[in-house]
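Written out below as structure tokens is the structure these notes cover.
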Amino acid sequence: DDSETEILLDFKKTLSNAGALENWNKDVSPCNGNNANWNGLLCKANVLNGLQLESMGLSGTINFDSLSKLPTLRSVSFMNNNFDGPIPSNINKIRALRTLYLANNNFSGEIPGDAFKGMNQMRRVYLGNNGLTGKIPNSLATLSKLVDLQLQNNKFEGEIPNFKQKDLIANFANNKLEGPIPSVLSDETASFFAGNNLCGKPLNNCPASKKKSIPKVPIIVASVGALALAVIVITLLLFHRRNRRKTSKVERLGSTKSQKKETKYNYDNRKEIGLPKQTADNYKKTEQTGKLHFVRNGTERFELQDLLRASAEVLGSGSFGSSYKAILLSGPAMVVKRYKQMSNVGKEDFYEHMRKLGSLSHPNLLPFVAFYYKKEEKLLITDFAENGSLASHLHGNLKPNQPGLDWPTRLRIIKGVGKGLNYLYKAFPSLALPHGHLKSSNVLLDETFVPLLSDYALVPVINKEHAYQFMVAYKSPELAQNNRLTRKTDVWCLGILILEMLTGKFPANYLKQGKGGNADLASWVNSVVREEWTGEVFDKDMKGTANGQGEMLKLLKIGMCCCEWNVEKRWDLKEALEKINELKERNSEEDHSSYASDDIYSSRGLTDDEFTFSVNG
Ligand SMILES: Nc1ncnc2c1ncn2[C@@H]1O[C@H](COP(=O)(O)OP(=O)(O)OP(=O)(O)O)[C@@H](O)[C@H]1O
């Protein structure tokens, strides 16, 4: 018997462009408990459960003969790659497979009718967004456990096989299918059948006798203009804002029943609140075309249409565009941010940079999950941070009994920010501006107030004119002095952030764009410094400062050193972080009494561990 290691390495041989699988190495075992030592594996208790080789630029041949020798394999995903040619013919050699994700590739040709025969455990089959032709294989209709089938945006023709699975959700949109819709699917949303020549519930009734007389519905072309799409996406997100989900989280991909109900619930709601007809029609067209590119392993997959279906809320709008929060039907909240000023980079470079961003992982970075690419506009999708931005806590209106962020929390935040920055510096050794846009609205806070940097490392893909006008690093003194940005420029932004956190003053001059913005920001720094050492300078809303003054003053000095105009004299990041990390966090026994009972920020059950990351990130 071959070992798991040998089987996987054998399987890898027929893949092309497998650079992402470099760490598949016979000297290291593939699984380590619940973690994988090799990229793209899903492990549980040392057992290989799944392959998740997504968004890796892979092509070549998927060798199911090899995979069938792995007895514990239950799910395989090759989504968002460049595989082409026919779907592997021997998929059903892995009898026990539960999920098969081949969507978003260039597969073409017909699938044999019996391709899925005997796969009695199969629950999810995603073949959407390929170029598959011929009939939908009959064997799919015989899989008794099938709950989720996605065949949209292919060229399947003929009739839909007679599916009988009661819990099935199936998407057939934008194919060349014709004839009646099986009755078990009659409760499904109509858009799952759009762009075909189908009839019967949920679409119009089939003509009494001759199939030939089915009215021709125009085939919806998959590509819709980028702008139209974006406008619709946003309209819908906005629209669903009023349609906030009231139910609690549904089980993640688990109970399809609840998921199915949930789906209907939302669709019904959409009708209730009366989506304008035109928008609804466009929506039907666009919801099938959105191809999200996932850049991070181990996150839940969803499609643009899932975000469309989600309830949405505008979080705010910055210099790039607006940000929206969308809660997926399966529970988690995501943030969608529009960027219009990323049009000067080529598609390949853009994709590559996004993949790089997706590969980053640090406790103080907001995870970047997926992106949507159109020439004129991009959507970047990230996790949602429960406590919003640092800016809103420093400058937002506090509710009557709501205290401001206390000193220990601010200190932990700045230490976390430093760690996140340090990680970016290591991840982008050749970038002048590893962050480039560090400011308090780009420091988000999770449910325990751990800081998460956002909008990082975007300089390589942002249009230069926009960067000059709006990005924080471009307001640094060195840009005005000699039109030069250096690896110390982010340190200057860190300095401003430190002063802002200590004083509670908003560097309003961020808002001044273009010429003069930097001089203004510098005078802002001076205004802070003038009040130096009197104690007056510190934010009145900052509680928990007993026994902290010494450390607060030290941090003030650090902030000023980071804001040093002369780049040669300014500290580099290493020096700044060393100084920040020397600052002592309050010993809670020392001054426990100073915690007011309503001091919500300091009573969140933070443990020291949550903030003790290794110095090197
Ligand atoms: N992932 C997120 N989780 C929670 N809140 C967020 C998230 N992203 C953004 N926000 C909130 O949305 C607001 C707007 O953010 P956005 O990033 O669009 O603009 P900005 O940071 O103010 O400016 P810029 O576009 O220049 O970065 C922020 O102040 C923040 O409160």
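The table for this structure:
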quantity	calculated
Flag for Lys569 being without any contact (Cβ under 8 Å) to a residue 40 or more places away in the chain and basic (Lys, Arg)	yes
Some residue of region 130-141 being in a strand (DSSP E or B), among the hydrophobic types (A, V, I, L, M, F, W, C) and touching a residue at least 40 places away in the same chain (Cβ under 8 Å)	yes
Every pair of residues 6+ apart whose Cβ atoms lie under 7 Å, when the first sits in region 440-468 and is of a type in the set (D, E, K, R) while the second is part of a helix (DSSP H, G or I)	Asp455/Asn442
Yes/no for Gly436 being within 30 Å of Glu551 (Cα to Cα) and more than 13 Å from the ligand (Cβ to nearest atom)	no
When residues of region 307-321 are limited to those that are within 15 Å of the ligand (Cβ to nearest atom) and crowded, with 20+ Cβ neighbours inside 10 Å, the one farthest from Ala473 (Cα to Cα)	Ala310
Any hit, region 96-107, residues being of a type in the set (S, T, N, Q), crowded, with 16+ Cβ neighbours inside 10 Å and not in a loop (DSSP other than H, G, I, E, B)	yes
Pairs where the first residue, in region 379-395, is closer than 18 Å to Ile413 by Cβ and of a type outside the set (D, E, K, R) and the second is within 8 Å of the ligand (Cβ to nearest atom) and part of a helix (DSSP H, G or I), C-beta under 8 Å, 6+ apart	Ser389/Ser441; Ser389/Asn442; Leu390/Ser441; Ala391/Ser441; Ser392/Ser441
Number of the exception - Glu376 against (1) touching a strand residue (DSSP E or B) at 6+ places or on another chain (Cβ under 8 Å); (2) more than 11 Å from the ligand (Cβ to nearest atom)	(1)
Among residues of region 184-203, those that are in a strand (DSSP E or B) and small (Gly, Ala, Ser), counted	0
Yes/no for Leu421 being within 22 Å of the chain's Cα centre (by Cα), more than 13 Å from the ligand (Cβ to nearest atom) and among the hydrophobic types (A, V, I, L, M, F, W, C)	yes
Among the candidates Ile232, Ile214, Ile169, Ile220, residue that is crowded, with 16+ Cβ neighbours inside 10 Å, hydrophobic (A, V, I, L, M, F, W, C), at pLDDT below 90 and within 23 Å of the chain's Cα centre (by Cα)	Ile232
Yes/no for Leu9 being in a loop (DSSP other than H, G, I, E, B), of a type in the set (A, V, I, L, M, F, W, C) and out of contact with any strand residue (DSSP E or B) (no Cβ under 6 Å at 6 or more places or on another chain)	no
Filter result (of a type in the set (Gly, Ala, Ser), assigned to a loop (DSSP other than H, G, I, E, B) and under 27 Å from the mean Cα position of the chain (by Cα)) within region 43-73	Ser55, Gly57
Single condition Leu553 does not satisfy, out of (1) touching a helix residue (DSSP H, G or I) at 6+ places or on another chain (Cβ under 7 Å); (2) modelled with pLDDT of 85 or more; (3) more than 26 Å from Tyr423 (Cα to Cα)	(1)
Matching residues, region 432-447, being out of contact with any Lys or Arg (no Cβ under 9 Å at 6 or more places or on another chain) and at negative phi	His435, His437, Leu438, Lys439, Ser440, Ser441, Asn442, Val443, Leu444, Leu445, Asp446
Selection count, region 48-57, where residues are modelled with pLDDT under 90 and touching a strand residue (DSSP E or B) at 6+ places or on another chain (Cβ under 7 Å)	3
Region 441-458 - residue that is modelled with pLDDT under 95 and not acidic (Asp, Glu) and, of those, farthest from His362 (Cα to Cα)	Ser441
Positions within region 322-348 being within 17 Å of Phe368 (Cα to Cα), in contact (Cβ under 8 Å) with a residue 24 or more places away in the chain and either away from the ligand (no atom under 14 Å from the Cβ) or not β-branched (Val, Ile, Thr) (or both), in sequence order	Ser322, Tyr324, Lys325, Ala326, Leu328, Pro332, Ala333, Met334, Lys337, Arg338, Tyr339, Met342
Matching residues, region 88-112, being under 18 Å from Ala170 (Cα atoms) and at pLDDT 90 or above	Arg98, Thr99, Leu100, Tyr101, Leu102, Ile111
Top-ranked residue of region 415-459 - restricted to ones that are aromatic (Phe, Trp, Tyr) and under 20 Å from Asp383 (Cβ atoms), ranked as surrounded by the most Cβ atoms within 10 Å (Cβ to Cβ)	Tyr456
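A quick yes/no check of all residues on (1) under 15 Å from Gln152 (Cα atoms); (2) free of Cβ contacts under 8 Å to residues at least 60 places away in the same chain; (3) not acidic (Asp, Glu):
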site: Lys166; (1), (2), (3): no, yes, yes
site: Ala170; (1), (2), (3): yes, yes, yes
site: Asn175; (1), (2), (3): yes, yes, yes
site: Ser183; (1), (2), (3): no, yes, yes
site: Ser186; (1), (2), (3): no, yes, yes
site: Thr189; (1), (2), (3): yes, no, yes
site: Phe193; (1), (2), (3): yes, yes, yes
site: Gly200; (1), (2), (3): no, yes, yes
site: Asn204; (1), (2), (3): no, yes, yes
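The values are calculated or read from the model by the stated rules, or taken from the named source; none is laboratory data. As the structure is a prediction and not an experimental result, all values here were calculated from the model. Every residue, glycine as well, gets a Cβ built from its backbone with ideal geometry; the counts of neighbours run over all protein chains shown.
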